[in-house]
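The structure appears below as structure tokens.
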Amino acid sequence: MDDTDIYAAIGEEGFTRLIAAFYKQVPADDILGPMYPPDDLAGAETRLRDFLVGRFGGPMRYVEQRGHPRLRMRHAPFPVTPLARDRWMAMMNRALEEAALPAEATAVLREFFAQVATMMINQHA
Ligand code: HEM
């Protein structure tokens, strides 16, 4: 399955379910919880969801509203250590299990998340 087929396979609904399953774990997490805006978790949820929708073949809402993703730059304010990266991936892998998307879509997304999450590491302490 190519990246751009994912949206056709899981739709708006698939991405919404996946990202909701991710964000509901955020507030209670000791590493990630403090990084996210407590008063705008819904906004954060929309931003990640819309980014993924556009990246995987759906409407380009993220780019229309936020411009070029420049993800490393946008993560620069947050302390993304290897530990934070592993925690983010653990939470996303749980979300992927909970969302129970088609196996092929899950495999493509899991690989994509793992690669981008490693690229986001910006400190090693
Ligand atoms: C490696 C661990 C990661 C950490 C600790 C992290 C943390 C954060 C935080 C704290 C925000 C701000 C929330 C907001 O208000 O939008 C954010 C935004 C965002 N993150 Fe991550 N993130 C990580 C990995 C990723 C990955 C792997 C992706 C993509 C697959 C991603 C995509 C995004 C996007 C699209 C935004 C919104 C950027 C914007 O438009 O402002 N992040 N991230």
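At a glance:
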| item | result |
| --- | --- |
| Portion, in percent, of the accessible area of the chain that falls on carbon or sulfur, probe 1.4 Å | 57 |
| Cα long-axis angle, helix 41-55 against the chain (0 to 90 degrees, to the nearest 10) | 50 |
| Radius of gyration and maximum dimension Dmax of the stretch 72-120, Cα, Å | 11.8, 35 |
| HN-Hα J in Hz across the stretch 30-35 - Karplus 6.51, -1.76, 1.60, θ = phi - 60°, x for Gly and Pro | 5, 8, 7, x, x, 7 |
| Nearest 10 degrees, 0 to 90: helix 6-23 Cα axis against the chain principal axis | 30 |
| The chain - mean residue ellipticity at 222 nm from DSSP helices (-39,500 (n - 2.57) per run, n ≥ 4, rounded to 500) | -20000 deg cm²/dmol |
| Length-normalised contact order for the stretch 27-102 - Cα pairs under 8 Å, 6+ apart - percent | 24 |
| Calculated FRET value between GLU13 and MET73, using beta carbons and R₀ = 35 Å, to 0.05 | 0.70 |
| Scattering curve values for the chain, log₁₀ I(q)/I(0), Debye with Cα scatterers, q = 0.14 Å⁻¹ | -0.59 |
| Neighbourhood charge, 10 Å Cβ-Cβ cut-off, centred on GLN65 and excluding it, Lys, Arg +1 and Asp, Glu -1 | +1 |
| Under Karplus coefficients 6.51, -1.76 and 1.60, residue-wise ³J(HN,Hα) of the stretch 103-111 in Hz, glycine/proline x | 4, 5, 5, 4, 5, 5, 5, 4, 5 |
| ³J(HN,Hα), Karplus 6.51/-1.76/1.60, whole Hz, each residue of the stretch 85-97, x for Gly, Pro | 4, 5, 5, 4, 5, 4, 5, 5, 5, 4, 5, 4, 5 |
| Residues with amide H under 5 Å from that of VAL80, placed H, sequence gap 5 or more | ASN122, GLN123 |
| Spatial separation of Cα centroids for the stretch 34-54 and the stretch 99-125, in angstrom | 16 |
| The stretch 1-70: Rg to Rh, with Rh as the Kirkwood radius over Cα pairs | 1.01 |
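The values are calculated or read from the model by the stated rules, or taken from the named source; none is laboratory data. What you see is a predicted model, and the numbers here were worked out from it, not measured in a lab. Ideal geometry is used to build each Cβ from the backbone, glycine not excepted, and the neighbour counts take in all protein chains shown. We work out accessible area using only protein heavy atoms, side chains counted, and drop any ligands, DNA or RNA first. Shrake-Rupley method; radii C 1.70, N 1.55, O 1.52, S 1.80 Å.
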